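Shown next, in structure tokens, is the structure this report addresses.
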Amino acid sequence: MPEGPTILNLKNRLVRFKGKTVTEATGYGEMDKTPLHNIKLMDIDAFGKNLIFVFKDFFVTVHLGLFGSVLINKRKKSNASFTLHFGDEEINFYISKTKLINGKPDKHFDYRTDILKEEFDGQYILSTLQQEYAEKMIGDALMEQQLFTGVGNIIRIEALYRAKIHPESLVKDIPEKKLIYLIETVVNYAFEFLEQSKKEEVKEKTLVYGRKNCPKDKSELAIEEMGKIKRKTYVCPKCQKRYQ
Ligand SMILES: [Zn+2]
């Protein structure tokens, strides 16, 4: 599944369509596409794992999900779920979910939680984490999109390893200083991921995701589905402390 930085890269690749007129919108997706015909694309934005096409009175979010993909001026053999046509040019989305929402995206979404936005507010995340997620495992809390918007499994695993925290530690048991360090690590790693994904070398450069041994002490990583979210997790039992 694409993570926040992957979507931000995609947004940057599509930004040249900004200001162009959508001549037609098609695709087998259920969303009514007639409001998009012959109107100007005002902006392209990203919020976490959502790509956002902004029009004057509404916006359309595209979520790529596990199997989604996008092609610019190229087509697959299979039908696109959503296509934006700009005269001779087109953006094709496959196996993606779209939603039309009235108003402006920054009024609809809370940008303070997006790990890649200037508006990201670490203090707000820290207090929400401590107040509303105290009883949760940190490995689960990191995947909550309303709290850590844009975090996916790779960012989650790499940030926990770098911050030396075991994913099964409950939020309430982790010292505040450690939580602050973890939040900083999530953001810093997300920007590293952004740079690496431009060259498609994210998976080459991970420290523990997809690996068998800890790069530091060479001990065997615990690889299993952990927490309530049941996502494959890589943990070094020596480096990552289980707070309790
Ligand atoms: Zn280790």
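Points to keep in mind about this one:
- Histogram of C-alpha separations across region 4-108, 10 Å bin width, %: 15, 55, 29, 1
- For the Cα trace of the chain, dividing Rg by the Kirkwood Rh returns an Rg/Rh value of 1.02.
- Accessible-area composition of region 4-108, carbon plus sulfur, in percent [1.4 Å probe]: 51
- Computed over the chain: relative contact order in percent, which uses C-alpha pairs under 8 Å that are six or more apart: 17
- Principal-axis analysis of the Cα atoms of the chain puts helix 4-14 at an angle of about 30° to the longest axis.
- Loop trypsin sites (Lys or Arg not before Pro), region 37-124 (other Cβ atoms within 10 Å of the site Cβ: 13 or fewer; DSSP): LYS56, LYS74, ARG75, LYS76, LYS77
- Taking the 1.4 Å solvent-accessible surface of region 111-235 as the whole, the part contributed by carbon and sulfur is 47%.
- Region 53-149: chymotrypsin sites (Phe, Trp or Tyr not before Pro) falling in loop per DSSP and having at most 10 other Cβ within 10 Å: PHE67
- Taking the C-alpha atoms only, the angle from helix 153-162 to the longest principal axis of the chain is near 30 degrees.
- Of the GluC sites (Glu not before Pro) found in region 203-244, those that fall in a DSSP loop while having at most 10 other beta-carbon atoms within 10 Å are GLU204.
- At a probe radius of 1.4 angstrom, the accessible area of region 111-235 per residue rounds to 50 square angstrom.
- Ratio of the Cα radius of gyration of region 111-235 to 2.2 N^0.38 Å, where N counts its residues: 1.01
- Helix-derived mean residue ellipticity, 222 nm - over the chain, DSSP H n ≥ 4, -39500 (n - 2.57), to 500: -7500 deg cm²/dmol
The values are calculated or read from the model by the stated rules, or taken from the named source; none is laboratory data. Keep in mind it's a predicted model, so treat the numbers as computed, not measured. Virtual Cβ from ideal backbone geometry, glycine too; neighbours counted across all protein chains shown. Each accessible area value is taken on the protein alone, full model and side chains, heavy atoms only, with ligands, DNA and RNA left out. Shrake-Rupley method; radii C 1.70, N 1.55, O 1.52, S 1.80 Å.
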